[in-house]
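Enquirer: Before I ask anything, here is the structure I am working with.
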Amino acid sequence: MSDGRYTVGVDIGGTKIAGGVVNDTGGVIARARADTPHRSTTPDVVENTIVSVVEELFAQVGKERVTAVGIGAAGFVAADRATVVFAPHLSWRDEPLQSRLVGRIGLPVTVDNDANASAWAEWRFGSARGEDRMVMVNLGTGIGGGIVLDGRVERGRFGIAGEFGHMQVVPNGLRCECGNRGCWEQYASGNALVREARSLISAGSPMAQDLVARIGGDAAALTGPLITAAAQDGDPTACELLSDVGRWLGIGLANLAAALDPGIFVIGGGVSAAADLLLDPAREAYRRQLPGRGYRPEARIMAAVLGNDAGVVGAADLARHHDGAAVTGVPSSALESAPALTAVVHESESRRSRLWWRRRHTG
């Protein structure tokens, strides 16, 4: 039973900003959304859009019933959980998002990576309930992920753990947007699925006839959901394409098992809508690639169950609990000093995170 106190979660993606008012059992009782401003716009425009979504939610339930706001951002969030180091789909670079929002919203604000928020939601309310060590892998345009260990999100020393999509699985393989070659997300993501289907169409392969018919001959109209729908309708080529992505997924999961040894992998994101068409090949490849196979327990591989709500629910619940410490609200005097206090306490860690990012991506 809900305790009557609410938190707000805001999930910031490349195309939309989705918000929800969430109770303590993970239920979403009010929703709002807006389009994500184009990456060429200034940070203020994105901030204004977030505040607008939050205020719309306050209007629906009453601000006095909300204790905190959690932000899940598609980007690298520093260990201070206040600064977005880099967001590829937005104009954020070393953006002090928490301090910019807390004064305008007038409530405690936490900031986290969107995949961390989704992983927390699935651990608290979804497929990973009851498992103390879980890894979530989100298959969308690329691959994101989150880790929950013993009731705590594992963010890494610099706050940037879980970027699984950029593990190298093919030396000197396909070029990735991150600048490297052979990254996992080049082989096991929505982009990989669409790329391979378009290559068949461009080659004039008769195997792609059903897909060509579905898009009216326009390869640019091909999408991951369309390929998934074709596979669910029994198209053998679409099934084969999903199976290939599933096989690469299983290979990457075996690598993660070697490093992290979780009890469960939860697979989310748009591509996971293919369910067992994707997960059965992944499970088979995982078993074949698992180090010490036959002599060790195997983690379960399960589909996420919270769907598009996971980011909103997870961001809100992290704001409520702070990974175990319940949020009870703060006096107005504390709110006024929160940005400065955060800056003092976390300045060192935030600086280390930013220096790491610059060294990693500027040489």
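The values are calculated or read from the model by the stated rules, or taken from the named source; none is laboratory data. Just so it is clear, the model here is predicted, and its values are computed rather than measured. Here the Cβ is made from the backbone with ideal geometry for all residues, glycine too, and neighbour counts use every protein chain on show.
Enquirer: Which one of the conditions (1) surrounded by 18 or more Cβ atoms within 10 Å (Cβ to Cβ); (2) part of a helix (DSSP H, G or I) does G162 fail to meet, given that it meets all the rest?
Expert: (2)
Enquirer: Moving to a separate point now. Here is a check on your reading of the model: is A119 in a loop (DSSP other than H, G, I, E, B) and buried (at least 24 other Cβ atoms within 10 Å of the Cβ)? Break it down stepwise before answering.
Expert: Numbers: in a loop (DSSP other than H, G, I, E, B): no; buried (at least 24 other Cβ atoms within 10 Å of the Cβ): yes.
It is false that A119 is in a loop (DSSP other than H, G, I, E, B) and buried (at least 24 other Cβ atoms within 10 Å of the Cβ).
Enquirer: Determine if region 257-268 includes at least one residue that is outside any loop (DSSP other than H, G, I, E, B) and without any contact (Cβ under 8 Å) to a residue 40 or more places away in the chain. Before the answer, list the steps.
Expert: So the first thing to find is which residues in region 257-268 are outside any loop (DSSP other than H, G, I, E, B), and the list is 257-260, 264-268.
If we keep only those that are without any contact (Cβ under 8 Å) to a residue 40 or more places away in the chain as well, we get 258-259.
Yes.
Enquirer: If D94 satisfies every condition in (1) part of a strand (DSSP E or B); (2) within 27 Å of A192 (Cβ to Cβ); (3) of a type outside the set (K, R) but one, which is the exception?
Expert: Going through the list (1) part of a strand (DSSP E or B); (2) within 27 Å of A192 (Cβ to Cβ); (3) of a type outside the set (K, R), D94 breaks only (2).
Enquirer: Which one is nearest to the chain's Cα centre (by Cα) among residues in region 195-247 that are hydroxyl-bearing (S, T, Y) and part of a helix (DSSP H, G or I)? Working first, answer last.
Expert: First, pick out the residues of region 195-247 that are hydroxyl-bearing (S, T, Y): 199, 202, 205, 223, 228, 237, 243.
Now drop any that are not part of a helix (DSSP H, G or I), which leaves 199, 202, 228, 237, 243.
Working: S199: 28, S202: 32, T228: 20, T237: 29, S243: 23 Å.
Only one residue tops the list, namely T228.
Enquirer: Also, I was wondering about something else. Say whether the condition of being in the same structural domain as A32 (by TED's automatic domain parsing), more than 24 Å from V28 (Cα to Cα) and not in a loop (DSSP other than H, G, I, E, B) is met by at least one residue in region 56-77.
Expert: yes
Enquirer: Inspect region 132-139 for any residue being farther than 23 Å from T36 by Cβ, at pLDDT 90 or above and surrounded by fewer than 21 Cβ atoms within 10 Å (Cβ to Cβ) and give the result as yes or no.
Expert: Yes: one or more hits.
Enquirer: Out of (1) more than 28 Å from G75 (Cα to Cα); (2) touching a residue at least 60 places away in the same chain (Cβ under 8 Å), what's the single condition that is false for R157?
Expert: Exception for R157: condition (1).
Enquirer: Go through (1) under 27 Å from A197 (Cα atoms); (2) modelled with pLDDT under 95; (3) not hydroxyl-bearing (S, T, Y) and name the single condition L253 misses.
Expert: Of (1) under 27 Å from A197 (Cα atoms); (2) modelled with pLDDT under 95; (3) not hydroxyl-bearing (S, T, Y), only one is false for L253: (2).
Enquirer: Working only within region 37-75, note down all residues that are touching a Ser or Thr at 6+ places or on another chain (Cβ under 8 Å) and buried (at least 21 other Cβ atoms within 10 Å of the Cβ).
Expert: V46, V66, A68, V69, G70, I71, G72
Enquirer: In addition: Look at V345 and say whether it is modelled with pLDDT under 95, part of a helix (DSSP H, G or I) and in contact with an Asp or Glu (Cβ under 9 Å, 6 or more places away or on another chain).
Expert: Against the criterion (modelled with pLDDT under 95, part of a helix (DSSP H, G or I) and in contact with an Asp or Glu (Cβ under 9 Å, 6 or more places away or on another chain)), V345 qualifies.
Enquirer: Given the structure, is E47 acidic (D, E), at pLDDT 95 or above and outside the structural domain of H166 (by TED's automatic domain parsing)? Explain how you work it out, then say what you get.
Expert: On the way: acidic (D, E): yes; at pLDDT 95 or above: no; outside the structural domain of H166 (by TED's automatic domain parsing): yes.
No: the conditions fail for E47.
Enquirer: Looking only at region 120-141, how many residues end up being touching a helix residue (DSSP H, G or I) at 6+ places or on another chain (Cβ under 9 Å) and among the small types (G, A, S)?
Expert: 4
Enquirer: Sort out which residues of region 309-329 are surrounded by fewer than 16 Cβ atoms within 10 Å (Cβ to Cβ) and either part of a helix (DSSP H, G or I) or at pLDDT below 50 (or both), and write them in order of number.
Expert: G324, A325, A326, T328, G329 - these are the residues of region 309-329 that are surrounded by fewer than 16 Cβ atoms within 10 Å (Cβ to Cβ) and either part of a helix (DSSP H, G or I) or at pLDDT below 50 (or both).
Enquirer: Give region 122-136 a look and list any residue that's assigned to a loop (DSSP other than H, G, I, E, B) and either without any contact (Cβ under 8 Å) to a residue 40 or more places away in the chain or of a type in the set (K, R) (or both), or say none. Talk me through it step by step, then tell me what you get.
Expert: Within region 122-136, the subset assigned to a loop (DSSP other than H, G, I, E, B) is 126-132.
Answer for region 122-136, where residues must be assigned to a loop (DSSP other than H, G, I, E, B) and either without any contact (Cβ under 8 Å) to a residue 40 or more places away in the chain or of a type in the set (K, R) (or both): R129, G130.
Enquirer: Here's a check for you: in region 265-298, which residue that is hydrophobic (A, V, I, L, M, F, W, C) and surrounded by fewer than 23 Cβ atoms within 10 Å (Cβ to Cβ) is nearest to E154 (Cα to Cα)? Explain how you work it out, then say what you get.
Expert: Step one: filter region 265-298 for residues hydrophobic (A, V, I, L, M, F, W, C), giving 265-267, 271, 273-275, 277-279, 282, 285, 290.
In the following step, the residues that additionally are surrounded by fewer than 23 Cβ atoms within 10 Å (Cβ to Cβ) were identified as 273, 275, 277, 279, 285, 290.
Values: A273: 26, A275: 27, L277: 30, L279: 25, A285: 26, L290: 23 Å.
Ranking the qualifying residues of region 265-298, first place goes to L290.
Enquirer: Right, something else. Here are some residues: L107, L139. Which one is farther than 17 Å from G314 by Cα, in contact (Cβ under 8 Å) with a residue 60 or more places away in the chain, in the same structural domain as K63 (by TED's automatic domain parsing) and in contact with a strand residue (DSSP E or B) (Cβ under 8 Å, 6 or more places away or on another chain)? Full working, then the answer.
Expert: Details: L139 fails: in the same structural domain as K63 (by TED's automatic domain parsing).
Step by step, each of L107, L139 is checked, and only L107 is farther than 17 Å from G314 by Cα, in contact (Cβ under 8 Å) with a residue 60 or more places away in the chain, in the same structural domain as K63 (by TED's automatic domain parsing) and in contact with a strand residue (DSSP E or B) (Cβ under 8 Å, 6 or more places away or on another chain).
Enquirer: Considering only region 140-154, how many residues are in a loop (DSSP other than H, G, I, E, B) and surrounded by fewer than 24 Cβ atoms within 10 Å (Cβ to Cβ)?
Expert: Step one: list which residues in region 140-154 are in a loop (DSSP other than H, G, I, E, B), which gives 140-142, 150-151, 154.
In the following step, the residues that additionally are surrounded by fewer than 24 Cβ atoms within 10 Å (Cβ to Cβ) were identified as 140-141, 150-151, 154.
So the answer is 5.
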